[in-house]
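For reference, the structure is listed below as structure tokens.
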Amino acid sequence: MGSLDRFSPVARAWFQAAFAAPTPAQEQGWDAISKGDHTLILAPTGSGKTLAAFLWTLDRLVSRPVEPTPVEPACRVLYVSPLKALTYDVERNLRAPLAGMALEAERRGLPVPTVRVGTRTGDTPAADRRDLVRHPPDILITTPESLYLLLTSQAREMLRSVEHVIVDEIHAVAATKRGAHLALSLERLERLAEKPPQRIGLSATQRPLDEVARFLGGRSGGRPRPVTVVDAGVRKALEVQIVVPVEDMGELGKPIDEGDGALLSGPAAGNPEARHSIWPAMHPVLLDLIRSHRSTLIFVNSRRLSERLAARLNELAGEDLVRAHHGSVAREQRLEIEDALKAGRLPALVATSSLELGIDMGAIDLVVQVESPASVASGLQRIGRAGHQVGEPSRGRIFPKFRGDLVEAAVVVQRMKAGLIEETRVPRNPLDVLAQQIVAMCAVEELTVAEVAEVVAGAYPFADCSPALLENVLDMLAGRYPSDEFAELRPRIVWDRSEGTLRARSGARMLAVVSGGTIPDRGLFGVFTPGSGGTDGKEHWNRVGELD
């Protein structure tokens, strides 16, 4: 049986009209997904793995619609993305197959139900969040933190009917406490859902696969849930060069003497603090690369540098060629910038990790990395943004900033070409994450200790959490402290030891919601400007972005 034969005639006809043939990731992925297996798909960027995960679920939504009722919510597919920007990109990309299948069904004279797609992230307005609860979408696109908030509120009822959970870019969270937090949320969803949802994990860079598969599947009955691993990770053709725009990197950082000739640094001559810098030599080379390519993506490792570099390149070019893109840019501006690059109106972007993951940026000709990537996986993700189409090579340039950076870049590029990605190591028993999730669980329902233990044991990062360790966490949350020094800490739950039950104290839900998620690497503060008064006569504020 061909890989497309398992789909309905409508979905099959749309795919054949839109694509020449399925990719290996799609052929192998559909074989496992259509059987109902938990599935982990490893495939390079641009291999169609997101469509591999979504097409089967979309076909089920179109061919087997479920009418929403007060008893049976309509949400059937949950997509979890590590980045807010990814959620908007996926929502846009779902429109094409949904519209295409609707047209194909209309052409065949078949009825086609309306498939609703909803987004729930930190940027979602309060009115839209309430509407999601009143009218649950068929497909809900969210982030790990927003999923946690949904599970810790009355909105959790909309998730009871979820049949498929897609975790995108799973490698970005599996090795962090954020991943442990997500693993517990997935187990809470498992307990809530009417039947265990099928889990589908996607990533372009992850090793070892069996470890990531165990993270995705979790455990049930003391055993790992079986996960089918689809390894379509054929190494993509890379054309990567390391560019050093100065003759001697050993001079960088040294004070400038009057007899040095051409100054390589920005400070004026005669300034005793002036030192040789690589930037004046790098800027013209970057500008030449931008002008010799249709679409260029420049990655830097900090938000401040992205703004400064974009401004300097525009100043050197004498026109607005480049825009900065990072997590502190307001959502509306981010979408505007991404659309301008995709449409060919913007020749280049200077971005941070905000564009590192699987956002479809269209036909990127070249990726430039300023400074060595943080890791081999990060380098592959970033350079892989170029040549995003199937079969296209990824072209990249890496500009080291100093001698040590040059050595690191050389090693990273060598390992990139050999496919030697760093191993993923899942953190074990992060008790701060466990305590937060236990409070959140008790805030929405009264549970027995055995029920909590079952949820905890299902999450792979807590697979070896002993009963004694769990009891210590429950003691701490219930106010049973090992010393009087902790007496001022307020208990968060009530543990009825005679009945073996747990329930939340007053204010626990608010605490769980306000303090949701893990501590981020950086603190972000909103920036607003006063706007014109609205119809209500009150002053309104416009969100500009965030300060890092």
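When the Karplus curve 6.51 cos²θ - 1.76 cosθ + 1.60 is applied with θ = phi - 60°, which whole-Hz ³J(HN,Hα) does each residue of region 485-500 get, with x for Gly and Pro?
Each residue's phi maps through the Karplus curve to give 4, 9, 4, 7, 6, 7, x, 10, 9, 10, 10, 7, 6, 5, 8, x Hz.
In region 362-458, what trypsin sites (Lys or Arg not before Pro) fall in a loop by DSSP, with at most 11 other Cβ atoms inside 10 Å?
Numbers: sites: Arg382, Arg385, Arg395, Arg397, Lys401, Arg403, Arg415, Lys417, Arg425, Arg428; in loops: Arg385, Lys401, Arg425, Arg428.
Loop-located and lightly packed - Arg425.
Can you sort Cys465, Cys75 by solvent-accessible area, 1.4 Å probe, largest first? Don't skip to the end; give the middle numbers.
Numbers: Cys465 25, Cys75 0 Å².
Correct descending sequence by accessible area is Cys465, Cys75.
As I understand it, the value is the acute angle between the Cα axis of helix 24-34 and the longest principal axis of the Cα atoms of the chain; what does it come to in degrees, rounded to 10?
10
What does the accessible area per residue of the chain come to in Å², with a 1.4 Å probe and no ligands, DNA or RNA counted?
Values: 25290 Å² over 548 residues.
That works out to 46 Å² per residue.
Each residue of region 189-200 in turn: what ³J(HN,Hα) in whole Hz from Karplus with 6.51, -1.76, 1.60 and θ = phi - 60°, glycine and Pro shown as x?
Couplings: 5, 4, 5, 6, 5, 5, 9, x, x, 6, 9, 10 Hz.
Let me know the charge dipole size of the chain about its Cα centre in debye, to the nearest 20, where only the beta-carbon of Lys, Arg (+1) and Asp, Glu (-1) is charged. Before the final figure, lay out the partial values.
Numbers: 65 positive and 70 negative charges, 212 e Å.
Around 1020 debye, computed over the chain.
For Phe399, enumerate residues with amide H under 5 Å from its amide H, sequence gap 5+ or separate chain, H modeled in the peptide plane.
Close amide H contacts, sequence-distant or interchain: Val243, Gln369, Val370, Glu371.
Report, by chain and number, residues whose modeled amide H sits under 5 Å from the one on Ala324, excluding near sequence neighbours (fewer than 5 apart, same chain).
Val350
What are the trypsin sites (Lys or Arg not before Pro) within region 465-527 that DSSP puts in a loop, where the Cβ has at most 15 other Cβ atoms within 10 Å?
Values: sites: Arg480, Arg492, Arg497, Arg503, Arg505, Arg509, Arg522; in loops: Arg480, Arg492, Arg497, Arg505, Arg522.
Within region 465-527, the qualifying trypsin sites (Lys or Arg not before Pro) (loop, at most 15 other Cβ atoms within 10 Å) are Arg480, Arg497, Arg522.
If I compute percent of Cα pairs over 36 Å apart from the structure I just sent, which labelled value in (1) 56; (2) 37; (3) 41 lines up?
Given (1) 56; (2) 37; (3) 41, the structure-derived one carries the label (3).
Can you tell me the orientation of helix 467-478 relative to the chain, as the angle in degrees between its alpha-carbon axis and the longest Cα principal axis, to the nearest 10?
Between the helix axis and the principal axis of the chain, the angle is about 90 degrees.
Mind checking the angle between helix 303-317 and the chain's longest principal axis? C-alpha axes, 0 to 90 degrees, to the nearest 10.
Approximately 40 degrees, to the nearest ten.
What are the ³J(HN,Hα) values, in whole Hz, obtained from phi via the Karplus relation 6.51 cos²θ - 1.76 cosθ + 1.60 with θ = phi - 60°, for each residue of region 433-442 in sequence order, with x given for Gly and Pro?
These are the phi-based 3J(HN,Hα) values: 5, 4, 4, 4, 5, 5, 4, 5, 5, 6 Hz.
Pull up all non-local amide H partners of Ile278: gap of 5 or more, or a different chain, and H-to-H distance under 5 Å with H placed in the peptide plane.
For Ile278, no residues qualify.
The values are calculated or read from the model by the stated rules, or taken from the named source; none is laboratory data. Fair warning: this is a prediction, and the values are worked out from it, not measured in the lab. With ideal geometry, Cβ positions are generated from the backbone for all residues, glycine too; neighbour counts draw on all protein chains shown. Each accessible area value is taken on the protein alone, full model and side chains, heavy atoms only, with ligands, DNA and RNA left out. Shrake-Rupley method; radii C 1.70, N 1.55, O 1.52, S 1.80 Å.
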